[in-house]
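In what follows, a structure is listed as structure tokens, so that the remarks can point back to it.
The values are calculated or read from the model by the stated rules, or taken from the named source; none is laboratory data. Every value quoted in this text rests on a predicted model; they were computed, and no experiment measured them. Here Cβ is always computed from backbone atoms with ideal geometry, including for glycine, and neighbour counts include all displayed protein chains.
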């Protein structure tokens, strides 16, 4: 089994939950993966991984297979979430979020599917977000990438019809991780722990759940909201506080995380060209 973004948060909790079930797990991350694997113990392997690089991704999967044999479960978990008004977001940061949250997921799916389809068996788990079903102010680009991951997952699942490769889509509400630092809480909905999402992933793999909403009470709300008249949908969002969960986040509490994920400034033209090249590499020329 392989997990991206596995050195902390949901990825690390999922690795621990799978190892507890007897699985052999390779975790990949930009930093900290070897140390995290050492803490996990058991059959854990920690490897460096840049999900925006095909070369890095291929090397990660090759090393995992050399250690544990053919990949049977691939979990796309890596992601970043800068917050703030969309109009103020630097172009370099927009490109970085798209590269990690969308292009990285696309690359992972493609490279994993090449291996899984050869054996006509296995599982892909894409960790999206409740923000992939309803747009959340304060995190516009993040929501955009998660909407895209939902659509990507649904399309790939349709393409997999008739095969024995399964795709599972996990859409949690805010989770108590470094990424969620300073966020406001949803009204009437408890904040999830990484272990909650980890257990849901284990259950999805065990019982074949296709779409997983966390907490479960969000499922009917997220599925039904698009069918509601806009004023009613907005009223429902305000009732549970979705309009302020990201937009009302405490900037001081988030300062360390935001600094960690911020890209170095680059020339705007180079940023656009890099993003376009990354997308073309992920989806291929059509």
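Here are a few things to note about the model shown:
- Each residue in the range 107-124 was checked for being crowded, with 22+ Cβ neighbours inside 10 Å and under 17 Å from the mean Cα position of the chain (by Cα), and 4 of them qualify.
- Boolean, residue 195 is crowded, with 21+ Cβ neighbours inside 10 Å and on the phi < 0 side of the Ramachandran plot: no
- Just one of the listed residues (269, 264, 255, 276) is closer than 20 Å to residue 91 by Cα, at pLDDT 50 or above and not in a loop (DSSP other than H, G, I, E, B), and it is 255.
- Total residues in the range 194-209, condition free of Cβ contacts under 8 Å to residues at least 60 places away in the same chain, within 17 Å of residue 13 (Cβ to Cβ) and in contact with a strand residue (DSSP E or B) (Cβ under 7 Å, 6 or more places away or on another chain): 2
- Filter result for residue 237 (over 17 Å from the mean Cα position of the chain (by Cα), more than 29 Å from residue 84 (Cβ to Cβ) and outside any loop (DSSP other than H, G, I, E, B)): no
- Top-ranked residue of the range 166-187 - restricted to ones that are assigned to a loop (DSSP other than H, G, I, E, B) and touching a helix residue (DSSP H, G or I) at 6+ places or on another chain (Cβ under 6 Å), ranked as surrounded by the most Cβ atoms within 10 Å (Cβ to Cβ): 173
For every residue, the table says whether it meets (1) part of a helix (DSSP H, G or I); (2) touching a strand residue (DSSP E or B) at 6+ places or on another chain (Cβ under 8 Å).
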position	(1), (2)
93	yes, no
97	yes, no
100	yes, no
104	yes, yes
107	yes, no
110	yes, no
114	yes, no
117	yes, yes
137	no, no
